[in-house]
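Here's the structure, in structure tokens; my notes come after.
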Amino acid sequence: MPRSRNSLPVIALSLLLLLLQATAEAADGDFEMHIVHLNDFHARFEPINSGGGSCSPSGACFGGIARVATEARRLIDAAGDNYLFLNAGDNFQGTVWYSLYKWNVTAAILNMLPWDAATLGNHEFDDKIAGLVPFLDNINFPMVVANLDISQEPRLTGKFNKSVVIERGGRRIGIVGYMLRSTPDIASTEKLIFLDEAESLAEEAKRLKEDGVDIIIGLSHSGLDVDRQVAAKVAEVDIIVGGHSHTLLYTGTPPDNDTAEDVYPVMVTQESGHKVAIVQAMAYTKYLGNLVATFDSNGELLSATGNPVLLDETVEEDPEILEALAPWQAGLEELETRKVGETKVFLDTSSNACKRGECNMGNFITGAMLDEMAVLQSNSSSQRWTEAPIAITNSGGIRASIEEINNGTITYSDLITVLPFENTIDIIEVTGATLRKALEFSVNDTDTWKSKRQGPLYFRYLLHYSGLRVEIDVRQPVGQRVTRVSVLCAACNVPRYEPLKDDAWYPVAVNSFLAEGGDAFYMFRDEARSRTIGRVDVDVMLDYMARFSPIVQGLDGRTVVLS
């Protein structure tokens, strides 16, 4: 019997209702998860200034672990049951808190926060494995690292796992940790063997998937550049929560004049069409990451949105954390209030200033190193005006800004926050060719970073110096970017700049980290014909400030970047 024309609208309506029902059921199968994350804490137990240094009572203050606790709990409460709270490493080192109390205060205070997992950073090895083991023995949250071979370091047996599986909303979520494979170049990792990041993550992720895990999160301390590569290669990973490069990812205009390197989250699309979200939230507790990710019923990432939250003074400090900090703080009071100098200018490292070009904090530090060389000469029989006419430090060793407010007071704690690593200022003898090689290496990664970051150029291993004038042309190929180098003469009555001679030998003041080949500057270690170990960097700075305060260090064009 033929259908009536009048029945067609009814059939169409029925089909529409079925379609809407199916769509609703699919939506009901979606899973929304909130990820709150912190990276590169660096012992910022107390609030900081805009550049990560000590907070002045008369200036704007941000972060501190008590604000992290308040905001993390607020975000977690708002998320309901479907949340994760993750820590992407580098909890050690960076302030007088760590210099005095090491792992003890770090474990005690971090244990008060509801972490679901953490990974290790390179600075967790600053006191070698012996300084890390008691921390791992005393924390109450899972530590995950998948790319460490500990076969030659049995002290770490049973101290961490490759991954942890957490159930939220009926979904099994695998969190797999990994560190920068080149960590031995920048840390005292002893006999540990670091494996490929992507291969290690993929191997553990496949195992978890076979065990019924729905979602894979990489918890990384490898930096944004490596995380992009990992996201493109590992088919199983859905989200990477990162650290190490101190990268601010932010969608829109960031608050407090910070520079965002890219949007939040960075999305990487694999050849298969699978999408991976990457997040990171700067460093030093200034921001707390807040990602909202939605997955379908098959565990495929549908969307990822959010932004880091600025922890300014509108965020209250958690009273329980403040109470727990008080006994430790009492032991620091003398160091935090001891005046060691004054500055009339802002000594700037904010927004990665010291990785983008010349910065006055780098000039200040190397100026003090160069002054130390002149002082040493006055106590020797040398006919030179200085023991070394060149002073060099690495940008990664400059850890915070110092503000000129509060009458420009510089405290001992400020100084330790800027230079926390207890390096010595050594003298090495190298040829001009070796110096040129080091300068080229310091700017050899510009293409990689420029192509994947917004804003100004960024040099991962940029060197800072006194006694050198350097022109860098990033339009040239890698290995040919240092187009002009002048050096202060040493055997002269009036110091002046002369062209660098590749075959001449030069005494150079460097910190012990560089002298030992740190940051992969192996040429300083392998090509130096001599090395004289000097005083600790902080002591050198103390003497310099005693003679030359107030500090009025500026920029003088010693580094010219053509782009």
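Structural remarks
- Diffusion constant of the stretch 283-345 at 4 °C, which comes from Stokes-Einstein with the Kirkwood Cα-pair radius and 1.567 mPa s, µm²/s: 79
- Rounded to the nearest 0.05, the FRET efficiency derived from the C-beta distance between S182 and V494 at R0 = 35 Å is 0.20.
- Considering only the stretch 335-562, percent of DSSP beta bridges that pair antiparallel, nearest 5: 75
- For G534, distant residues with modelled amide H under 5 Å away: I425, D426, I427
- Normalising the Debye intensity of the stretch 30-327 to I(0), with uniform scatterers on Cα atoms only, and taking log10 at q = 0.11, 0.13, 0.14 Å⁻¹ returns -0.60, -0.85, -1.00.
- Dipole of the chain [Lys/Arg +1, Asp/Glu -1 at C-beta], most positive-end residue of Y461, V315, G341: Y461
- Electrostatic tally near T532: other residues with Cβ closer than 10 Å to its Cβ, Lys and Arg +1, Asp and Glu -1, net -2.
- Rg over Rh [alpha-carbon atoms, Kirkwood Rh] for the stretch 335-562: 0.95
- Built amide H within the under 5 Å cut-off of A117, gap 5+: F85, N87
- Across the cross-link table entries K275/K355; K102/K355; K206/K275; K162/K206; K209/K275; K233/K355, which are compared at the Cα atoms, the separations over 23 Å belong to K275/K355; K102/K355; K233/K355.
- Neighbour-count order for Y544, Y497, fewest beta carbons within 10 angstrom listed first: Y497, Y544
- For the stretch 132-223, projected area of the alpha-carbon convex hull averaged over all directions, nm²: 6.5
- Under 16 Å from the S563 label point (7 Å along Cα→beta-carbon), backbone N, the stretch 464-488: 471-478, 481-482
- At R0 = 25 Å, FRET efficiency that the Cβ-Cβ distance of E320 and A78 yields, to 0.05: 0.80
- In order along the stretch 200-208, the Karplus-derived 3J(HN,Hα) couplings, from 6.51 cos²θ - 1.76 cosθ + 1.60 at θ = phi - 60°, round to 5, 4, 4, 4, 6, 5, 4, 4, 5 Hz, and Gly and Pro are given as x.
- The chain: angle of helix 360-378 to the longest principal axis, Cα-based, in degrees nearest 10: 30
- Theoretical gain in end-to-end length, V536 to L302 [0.36 nm per residue, Cα-Cα removed]: 79.0 nm
- Net length gained if the chain between T483 and S378 were fully extended (0.36 nm per residue, minus Cα distance): 34.4 nm
- Remark: spin-label model distance D211-L555 equals 5.1 nm, labels positioned 7 Å along the Cα→Cβ axis.
- Stokes-Einstein D for the stretch 44-146, Kirkwood Rh over Cα pairs, 10 °C, 1.306 mPa s (µm²/s): 107
- Square roots of 5 times each gyration tensor eigenvalue, C-alpha, the chain, largest first, Å: 47, 26, 23
- Normalised by 2.2 N^0.38 Å, where N is the number of residues, the C-alpha radius of gyration of the stretch 225-364 stands at 1.37.
Here, each number is a calculation from the coordinates, and none is a lab measurement. None of the values given here were measured: they were computed from a predicted structure. We place every Cβ from the backbone using ideal geometry, glycine too, and count neighbours over all the protein chains shown.
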